[in-house]
Each structure stands twice: as C-alpha cells, then as structure tokens.
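Read the structure below first, then the notes.
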Amino acid sequence: MHGTLKDYIQQLESPAPADWPYVVRSPGRINLIGEHTDYTGGLVMPASINYSIHFVARPLEQPEWRLHAVDIGETYTLPLPINGRTDRLWVDYLAGIGTQFQDQGHFLPGLEIVFGGDLPRGSGMSSSAALEGGLAFLLNELLSAGLSRPKLARLCQRSSNTFLGIPSGIMDQYASLNGRAEGPIVLNCHTLESEPVKNAHSGYQLVLVNSMVSHDLSDGAYGRRVAECDEALRVVREKYPEVSHLSAASEDQLNVVADNMTPTVEKRARYVIQENERVRRAITAMEAGNATEFGRLLNESHRGLSEDYAVSCLELDFLQQTAISVVGVAGARMMGGGFGGCTINLVKTEALSDFRTEITRAYRQEFGTEPEVYPVELTAGTSFI
Ligand code: GLA
C-alpha cells in the first residue's frame with residue numbers, strides 16, 4: 001500500500017490498514033506521438049508511466065461512498081444511488097464512473113475509498129483519466145461486470161463526455177488502463193485495437209518538462225478543434241463518402257476539396273492527416289532503434305501542433321526550442337491537449353544532467369518560473385496490488 005495512504009488510514013479512527021481489502025494502482029500516461037488525433041479515429045502512441053494514483057477501498061454497509069482525496073485533504077460522502085453532479089469536480093470524476101455502471105443496471109456497493117498519489121495535477125499526465133480508470137477497474141471487479149479493458153476505457157470516456165461535458169477522446173483512459181512496461185502501445189482510435197511497439201532505442205531516456213502552466217480541456221479551445229475536425233470530415237465526405245473518419249482521409253483527397261473549407265479548417269485537417277503518417281513512421285523508427293529519426297518526427301509534430309493546429313503556447317514553444325538546442329536531445333514536442341502542461345523529450349542518458357540544468361536555467365530566466373523535470377519509466381496499466 002502507498003505509504004502516505006497507509007499513514008492516512010492509520011489516522012482514520014477505524015479500521016486498521018489490513019482491513020482494507022482492495023488496493024488499485026492507476027497510472028498516468030504519456031503520449032509519444034499522435035497528438036490530437038484520437039477524436040478523429042487516428043493512431044496514437046501512448047504509454048502508462050511510473051506516476052500514479054493509488055486507491056485503497058473497503059466495503060461499507062451503508063448505501064454511500066465515503067471518499068477521501070488525501071492529496072488535497074478533502075473528504076466527501078456521496079449517497080447511493082448517485083443522482084447527478086455534486087459541487088466538487090474531483091467527486092464528479094468518480095460519480096460519473098458510478099453513474100455509468102448504474103446506467104448499465106448495476107447496484108453500486110457501499111464503499112469507503114482513500115486515494116492519492118504522485119501524479120502532478122494539471123501537468124498533462126492525465127491524472128483525471130487515472131482517477132476515472134482506477135475506479136472503473138475496481139467497480140468492474142466488485143460488480144463482476146466483466147468489461148474488457150478497452151470497454152472500460154470507453155466507459156470512462158463516455159463519463160467524461162456526457163457526465164462532465166468534456167469533449168475528450170479515448171487515448172488517456174485507454175493508455176492508463178492498457179499500458180505495458182515493455183514499451184508504448186499504438187492504438188487505432190477507430191477500431192480500438194492496440195498493439196505493442198518494440199522499444200529498440202538504447203541509451204535514451206524519455207523526460208517530461210512541466211511548463212507549470214495549467215491547462216483545462218473544458219475552456220472551449222479543445223472543443224473548437226474537435227468541431228473543426230468534424231467540419232473537415234463533413235466537407236471531405238461530400239466528395240468521398242467512403243471516408244468514415246478524418247484520419248482515414250489522404251492528403252490528396254484533402255487537396256481536392258480544400259477550396260470548400262475555410263483556411264483554418266484546412267490547416268487543422270492537414271495537420272491531422274500528416275500526424276497520422278508521422279505515427280506510422282515513428283513506429284518504424286522506434287522498432288529499428290533509430291532515435292534520430294524518432295526525434296525528428298517529434299520536432300515535426302511540435303511544429304504542426306504549434307503552427308497548424310494552434311494548441312501550443314509561448315512557454316511550450318520555448319521549452320521545445322531550448323530542448324533541441326541541448327546536445328544529446330534527439331527531439332522534443334508539447335504533449336497532450338496543449339496550452340500548457342508538459343513537453344516530452346527524448347534525451348541521451350548521459351546528457352540527462354546537462355539537459356535538466358540547461359532547461360531549468362533557461363526557463364527560469366525567461367519566465368521566472370522553475371519547471372519540473374520528470375524522467376519517466378513505463379509501467380503496466382491499471383492493476384490490483
Ligand atoms: C487530451 C485528451 C485526449 C487527447 C489529447 C490530445 O489529453 O483527453 O483525448 O485528445 O488531449 O492528443
């Protein structure tokens with residue numbers, strides 16, 4: 001059991017830590033490449049990592065969930081059955097998952113849940129997906145619901161979309177639930193099939209750098225990108241009705257219909273189509289151990305996200321530019337929804353210390369803020385421990 005949670009439980013009046021039978025580890029995720037393509041049915045290459053949320057739970061006789069968010073020091077009692085949203089967002093992430101199971105005809109069991117971990121919130125490592133996935137995984141077992149991990153990811157996404165009104169794709173929840181320690185996965189967001197990617201890079205480390213600018217998917221810009229992609233698909237399908245999702249369109253098809261869309265919508269669509277191609281190349285590069293090519297693709301992805309898709313910001317552009325000027329950095333790009341959060345960097349192991357020093361110094365000098373630097377390891381997806 002996670003140390004802080006154990007201490008917390010010891011302070012609860014009863015019962016002893018040994019009487020909490022369920023412990024779930026739910027990891028955060030990174031995304032190596034394939035950004036803003038999940039909601040277009042595209043390819044993404046995420047992985048689950050060594051930063052996570054732990055849930056410790058025990059059954060309760062009473063029809064309620066007694067929830068303890070240890071990291072923020074808050075407790076909330078949610079009566080069962082769940083009956084809509086509450087006045088706290090963190091509770092709603094969990095209530096939304098419960099509601100999904102209720103909607104499938106399950107009676108939710110009374111539970112006391114203590115949770116917390118080391119996943120920085122708002123950093124773009126998907127603490128919210130870890131929160132949703134961890135509870136969904138636990139309920140799936142307790143209710144013997146028999147949902148596969150991809151189906152659990154879909155359930156979590158539905159909860160975000162419908163209960164919380166956040167129009168996100170499926171990548172984060174899927175990666176947290178289905179990741180592997182050996183390497184990233186490539187997920188086809190149209191079919192929901194995933195395959196392992198063999199990580200043949202040797203002597204390189206993946207490092208996240210947190211801009212400390214916190215991002216928020218519900219602020220409208222993310223939803224606008226989703227709408228722009230829908231619009232691009234609509235126009236492509238007028239001419240090519242066989243194209244079922246935007247990521248399945250080719251650049252040639254886009255060129256033929258480009259005059260029928262606004263320049264902005266065309267740019268968004270071109271980015272998405274090119275990013276899908278980059279994921280394909282990135283798989284080949286990683287499996288061949290070609291870190292130079294992989295890094296080049298990361299840099300290209302960043303350029304597209306910044307200039308064509310317009311989801312970067314000054315701080316992320318600065319971190320990316322600074323990173324690639326450091327000797328031993330194969331490539332870097334912003335990661336996740338954008339407008340803040342982290343960059344992901346592929347750094348030679350022996351250059352790690354110089355990288356940390358240089359990026360911290362430069363960022364502090366430019367913005368007066370200390371960025372956090374996290375070398376990450378890949379781990380398995382959500383599990384009981
Ligand atoms: C956020 C969303 C994901 C995905 C990424 C961008 O993390 O939750 O579904 O769209 O942004 O790739």
Just the residues that are out of contact with any Leu (no Cβ under 6 Å at 6 or more places or on another chain) and under 30 Å from Leu305 (Cα atoms), please, taken from segment 1-32.
Ser26, Pro27, Arg29, Ile30, Asn31, Leu32
Answer from Ser301, Ser353, Ser325, Ser306 - the residue that is outside the structural domain of Val56 (by TED's automatic domain parsing), within 16 Å of the ligand (Cβ to nearest atom) and without any contact (Cβ under 8 Å) to a residue 40 or more places away in the chain
Ser306
Does Ser168 meet the test of being within 24 Å of His68 (Cα to Cα) and surrounded by 23 or more Cβ atoms within 10 Å (Cβ to Cβ)?
no
Checking the conditions here, which among Val243, Val236, Val256 is open to solvent by 70 Å² or more (accessible area, probe 1.4 Å), more than 30 Å from Gly122 (Cβ to Cβ) and among the hydrophobic types (A, V, I, L, M, F, W, C)?
Val256
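Do the conditions hold for Glu61, that is, is it within 16 Å of the ligand (Cβ to nearest atom), part of a loop (DSSP other than H, G, I, E, B) and either within 30 Å of Glu182 (Cβ to Cβ) or in contact (Cβ under 8 Å) with a residue 40 or more places away in the chain (or both)? Working first, answer last.
Working: within 16 Å of the ligand (Cβ to nearest atom): no; part of a loop (DSSP other than H, G, I, E, B): yes; either within 30 Å of Glu182 (Cβ to Cβ) or in contact (Cβ under 8 Å) with a residue 40 or more places away in the chain (or both): yes.
In short, no.
Can you tell me which residue in segment 33-47 is nearest to the ligand (Cβ to nearest atom), limited to those that are under 15 Å from Leu177 (Cβ atoms) and open to solvent by less than 10 Å² (accessible area, probe 1.4 Å)?
Val44
Looking at Ser325, Ser301, Ser306, Ser312 in this structure, which one is small (Gly, Ala, Ser) and surrounded by fewer than 18 Cβ atoms within 10 Å (Cβ to Cβ)?
Within the list Ser325, Ser301, Ser306, Ser312, the selection yields Ser325.
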Restricted to segment 113-123, and to residues that are in contact (Cβ under 8 Å) with a residue 60 or more places away in the chain and open to solvent by less than 10 Å² (accessible area, probe 1.4 Å), which residue is nearest to the ligand (Cβ to nearest atom)?
Ser123
Hey, among Ile30, Ile72, which residue is within 16 Å of the ligand (Cβ to nearest atom) and not small (Gly, Ala, Ser)?
Ile30
If you check Asp259, Asp317, which single one turns out to be out of contact with any helix residue (DSSP H, G or I) (no Cβ under 8 Å at 6 or more places or on another chain) and without any contact (Cβ under 8 Å) to a residue 40 or more places away in the chain?
Asp259
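Table: residues versus (1) within 30 Å of Glu377 (Cβ to Cβ); (2) more than 22 Å from the chain's Cα centre (by Cα).
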position: Leu80; (1), (2): no, yes
position: Arg85; (1), (2): no, yes
position: Val91; (1), (2): no, no
position: Ala95; (1), (2): no, no
position: Gln100; (1), (2): no, no
position: Gln104; (1), (2): no, yes
position: Leu108; (1), (2): no, yes
position: Gly116; (1), (2): yes, no
position: Gly122; (1), (2): yes, no
Selected residue (criterion: nearest to Arg88 (Cα to Cα)) from residues of segment 134-165 that are open to solvent by 10 Å² or more (accessible area, probe 1.4 Å) and among the small types (Gly, Ala, Ser):
Gly165
Just give me the residues in segment 137-177 being of a type outside the set (Ser, Thr, Tyr), part of a helix (DSSP H, G or I) and more than 14 Å from the ligand (Cβ to nearest atom), in sequence order.
Phe137, Leu138, Leu139, Asn140, Glu141, Leu142, Arg149, Pro150, Lys151, Leu152, Leu155, Phe163
Selected residue (criterion: nearest to the ligand (Cβ to nearest atom)) from residues of segment 329-347 that are open to solvent by 10 Å² or more (accessible area, probe 1.4 Å) and out of contact with any strand residue (DSSP E or B) (no Cβ under 6 Å at 6 or more places or on another chain):
Gly337
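The values are calculated or read from the model by the stated rules, or taken from the named source; none is laboratory data. Predicted model, so just to flag it, every value in this text is computed and none were measured. For neighbour counting, all protein chains shown are included, and Cβ atoms are generated from backbone atoms with ideal geometry for every residue, glycine included. Only protein heavy atoms, including side chains, enter the accessible area calculation; ligands, DNA and RNA are left aside. Shrake-Rupley method; radii C 1.70, N 1.55, O 1.52, S 1.80 Å.
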